[in-house]
Amino acid sequence: MAYDLHTHSALSDGTQTVDELVGEIAGTGLTGFALTDHDTCVGWTRAAELADVYGLDFVPGMEVSCATSGLSVHLLSYYHDPENTDLFAEINLARDSRITRAQKMVDLIAVDYPVTWDLVQEHVGEEATVGRPHIADALVTAGCVSTRSEAFATILTPASPYYVSHYAVDPVKAVKLVRAAGGVPVMAHPFARSRGRVASVELLEQMIDAGLCGLEINHRDNAEDDRAVLRVLAQKHDLIVTGASDYHGAGKPNRLGENTTTGQMVERIRERAGL
């Protein structure tokens, strides 16, 4: 059994509707999948319905945006209560901050590139929160870059003069909030060095002490040497080990099922969730 536990739809920064995404997953031969849109659970109901139609095993998830000392950290949460007030109070703060940040970035970018706020909004899904991926899509539409990945590597990188930071919950606090909401926290792509500065082993240890349950080790952005380090850490703390595509649809090279999670590890996630 093989599961892809990290996918995105247009409800956050993916390019496909939930229907399109699940339909494509059904053709991959995967046993199951998780929908892990950024800071939202609004796609869970539809994804579960479609999973039943296609005979897929659905794992409800979310990718929580976190930050500490200028470092961006992503935390995958599985099986948390989608109505937990403490968790979503933080999520809503981050969402509001992301909107303001996007507006500021577009204002800066518009000085040098033919991109407007209206053009960015054309790329935002009906229930999605605007963010850098949508600015990237607008840059592609305007002919400023060829792909979303190119936009992130140049105009939207944290080292860019157009970059603006935004509020995000501290990762240690996020782990505690997810656990308190009945969820199973797994750190996404811990050593994704191509994205910039990565978490230290010390930070990972702090998150583990706070209740982190797993590490997304098998991810295209974790180099093999780094995966070896993460495997040692996972073995030391008896952590769940996952693999996933981090699929977003068009504009990124990630393909569904390129990295997967075993059925045994999915069962461990469910056990930690009390299922």
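Observations
- Tally of residues being of a type in the set (A, V, I, L, M), under 14 Å from Asn222 (Cβ atoms) and either touching a Ser or Thr at 6+ places or on another chain (Cβ under 7 Å) or in a loop (DSSP other than H, G, I, E, B) (or both) across segment 233-275: 1
- Failed criterion for Asp13 (all others in (1) assigned to a loop (DSSP other than H, G, I, E, B); (2) more than 13 Å from the chain's Cα centre (by Cα); (3) buried (at least 24 other Cβ atoms within 10 Å of the Cβ) hold): (2)
- Residues within segment 16-42 that are in contact with a strand residue (DSSP E or B) (Cβ under 6 Å, 6 or more places away or on another chain), more than 13 Å from Met62 (Cβ to Cβ) and not in a strand (DSSP E or B), tallied: 3
- In segment 76-102, the residues that are in a strand (DSSP E or B) form Cβ pairs under 6 Å with partners that are of a type in the set (A, V, I, L, M), at six or more places apart or across chains, as follows: Leu76/Val186; Leu76/Ala188; Ser77/Met62; Ser77/Val64; Ser77/Val178; Tyr78/Val59; Tyr78/Val184; Tyr78/Ile269.
- Screening segment 177-194 for residues that are farther than 16 Å from Tyr78 by Cβ and in a helix (DSSP H, G or I) and picking the one that is modelled with the highest pLDDT gives Arg193.
- Output for segment 142-176, where each listed residue is of a type in the set (Ser, Thr, Tyr), assigned to a loop (DSSP other than H, G, I, E, B) and over 30 Å from Ile269 (Cα atoms): Ser146, Thr147, Thr154, Thr157, Ser160, Tyr162, Tyr163, Ser165
- Verdict on Asp37 being buried (at least 19 other Cβ atoms within 10 Å of the Cβ) and touching a Ser or Thr at 6+ places or on another chain (Cβ under 7 Å): yes
- Test result for Asp118, without any contact (Cβ under 8 Å) to a residue 60 or more places away in the chain and either assigned to a loop (DSSP other than H, G, I, E, B) or in contact with a Cys (Cβ under 7 Å, 6 or more places away or on another chain) (or both): no
- The criterion of being surrounded by fewer than 21 Cβ atoms within 10 Å (Cβ to Cβ), out of contact with any Phe, Trp or Tyr (no Cβ under 8 Å at 6 or more places or on another chain) and part of a helix (DSSP H, G or I) does not hold for Ile135.
- Scanning segment 195-211 for residues that are touching a Lys or Arg at 6+ places or on another chain (Cβ under 9 Å) and either not aliphatic (A, V, I, L, M) or not in a helix (DSSP H, G or I) (or both) yields a count of 1.
- Only one of the numbered conditions (1) surrounded by fewer than 18 Cβ atoms within 10 Å (Cβ to Cβ); (2) at positive phi is not met by Arg193, and that is (2).
- Leu71 being in contact (Cβ under 8 Å) with a residue 40 or more places away in the chain and in the same structural domain as Thr129 (by TED's automatic domain parsing): no
The values are calculated or read from the model by the stated rules, or taken from the named source; none is laboratory data. Nothing here was measured: the structure is a model prediction, and the numbers come from that model. A quick note on method: Cβ atoms are made from the backbone with ideal geometry, for glycine too, and the neighbour counts reach across all protein chains shown.
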